[in-house]
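Working notes, structure below.
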Amino acid sequence: MKKIIVFGLFLVVSISLMACGQGASGTDEDGVEEMTIKFSHVVSENTPKHQGALAMKEYIEDESDGKIELEIYPNSSLFGDQDEYQNLASNNVQFIAPDLTKFVGNNPQFNIPALPFLFPDDEAAINFWDGEKGEEVLSSLTDDGVLGLSMWPNGGKQITNDAREITSPDDFEGLKFRTQGGQVLESLYSTMGAGSESIPFGELYTALDQGVVEGQENTFSNIESKKFDEVQSYMTVMNHTRVDYAIFTNTEFWDGMNDETKEIVEGGVEKGTEVARAEAQSLNEEAYETIKERGQVEIKELSEEEIQEFRDTLEPVYEEYEDDIGTDVIEAAREAGE
């Protein structure tokens, strides 16, 4: 009988110690975990990206009854282009939403948005990134502890510069443009006789103002919100390449949440994606009208014939990068736009 009592006491103490161990580790198997999540991005508040982040914050904080707080840091106020990826991999921030071409050094398939005239509109780009090949590309960084969750569109890019009106590939000759970086964009500009330089987005206005580069390429909403038209004289509506973002998370953070907490955070990502996608087109249209009203740049809208000249000139870029990106990935992107 004494042995039974002793064994019973031992069992009770063991269970109690196990329970204490779980509490000390911070793991809560049941219920929503209390936590603060950081979301860093580099653009202004009046952009599709920030609107998506706000929707994500509202959903997560409401659904968790305030147990989860989502802090948003726009305008490179926490981390900039140069260091946000490293800090995400280190779990110093839990979400970033960078331009996809920022990752071409990790995987050349992230050059897809930089291929000239590949996607005719936002819907085509969304179709690709939501498809099998797109999801494979977004999931290709897990060895670094980084996981891509969902693509957030921004839109087609337009050209601005402070030297001359651009209506043909020859007009690029001798000019230097800021790009987001990457092999394809470098080749695109060199094919037209222009130079390119990667400059952090938060430093671009000053670089344009000081003449470090003559021009840049960006969406209407980014041009308008950062007031690049204040320091540029000409804008050509081209939609030749795209700025598309994706929301990325840290795998340790993502896999470390319990089921109930993760369900809420996943729901927040879905809500943010819904809003960011809905806002992209309307905000770009509004931004274009604002740029026109400000009247600080001379605007050129290319004809179909002029656009075809650019298509023909830039076709060799596809041949140059077909092996690096993969014919299957490029074909999937083309099919998404049909």
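Every residue in region 136-180 that is of a type in the set (A, V, I, L, M), buried (at least 17 other Cβ atoms within 10 Å of the Cβ) and assigned to a loop (DSSP other than H, G, I, E, B), please. Can you show your working first?
The first filter runs over region 136-180 and keeps only residues of a type in the set (A, V, I, L, M), leaving 137-138, 141, 146-147, 149, 151, 159, 163, 166, 175.
Applying the additional criterion that residues be buried (at least 17 other Cβ atoms within 10 Å of the Cβ) yields 137-138, 141, 146-147, 149, 151, 159, 166, 175.
The answer is L141, I166, L175.
Specify which of the listed residues (D122, D144) is touching a helix residue (DSSP H, G or I) at 6+ places or on another chain (Cβ under 7 Å) and either in contact (Cβ under 8 Å) with a residue 60 or more places away in the chain or β-branched (V, I, T) (or both).
Working: D144 fails: either in contact (Cβ under 8 Å) with a residue 60 or more places away in the chain or β-branched (V, I, T) (or both).
Result: D122 is the single residue among D122, D144 that is touching a helix residue (DSSP H, G or I) at 6+ places or on another chain (Cβ under 7 Å) and either in contact (Cβ under 8 Å) with a residue 60 or more places away in the chain or β-branched (V, I, T) (or both).
For K133, state whether it is modelled with pLDDT of 95 or more, over 22 Å from E306 (Cβ atoms) and open to solvent by 70 Å² or more (accessible area, probe 1.4 Å). Show your work before the answer.
Numbers: modelled with pLDDT of 95 or more: yes; over 22 Å from E306 (Cβ atoms): yes; open to solvent by 70 Å² or more (accessible area, probe 1.4 Å): no.
Spelling it out, it is not the case that K133 is modelled with pLDDT of 95 or more, over 22 Å from E306 (Cβ atoms) and open to solvent by 70 Å² or more (accessible area, probe 1.4 Å).
Could you please tell me which pairs satisfy a Cβ distance under 9 Å, a separation of 6+ or placement on different chains, a first residue in region 258-270 that is under 14 Å from G52 (Cα atoms) and among the acidic types (D, E), and a second residue that is open to solvent by less than 90 Å² (accessible area, probe 1.4 Å) and part of a helix (DSSP H, G or I)?
So the pair list comes out as E270/M56; E270/Y59.
Helices (runs of 4 or more DSSP H) wholly in region 38-135 with at least 2 residues that are among the acidic types (D, E) - which ones? I'd like the intermediate steps shown before the answer.
Working: elements: 48-63, 84-89, 122-130.
In region 38-135, the matching helices (runs of 4 or more DSSP H) lie at 48-63, 122-130.
Out of the residues in region 309-338 that are surrounded by 12 or more Cβ atoms within 10 Å (Cβ to Cβ) and among the β-branched types (V, I, T), state the one that is farthest from E186 (Cα to Cα).
V329
Looking only at region 287-308, filter to residues that are touching a residue at least 12 places away in the same chain (Cβ under 8 Å) and open to solvent by 80 Å² or more (accessible area, probe 1.4 Å); which one of those is nearest to V237 (Cα to Cα)?
Let us first name the residues in region 287-308 that are touching a residue at least 12 places away in the same chain (Cβ under 8 Å), namely 287-288, 290-291, 294, 296-302, 306-307.
From the residues that got through so far, the ones that are open to solvent by 80 Å² or more (accessible area, probe 1.4 Å) too are 296, 298, 301.
Details: Q296: 15, E298: 11, E301: 5 Å.
Ranking the candidates gives E301 first.
So which residues in region 183-214 are without any contact (Cβ under 8 Å) to a residue 60 or more places away in the chain, assigned to a loop (DSSP other than H, G, I, E, B) and more than 21 Å from the chain's Cα centre (by Cα), if there are any at all?
Passing the criteria: G193, A194, Q210, G211, V212, V213, E214.
The values are calculated or read from the model by the stated rules, or taken from the named source; none is laboratory data. This structure is a prediction, so every number in the text was calculated from the model and none was measured. Because the Cβ atoms are built from the backbone with ideal geometry, glycine has one as well, and the counts that use them run over all protein chains shown. Accessible surface areas use protein heavy atoms only, side chains included; no ligands, DNA or RNA. Shrake-Rupley method; radii C 1.70, N 1.55, O 1.52, S 1.80 Å.
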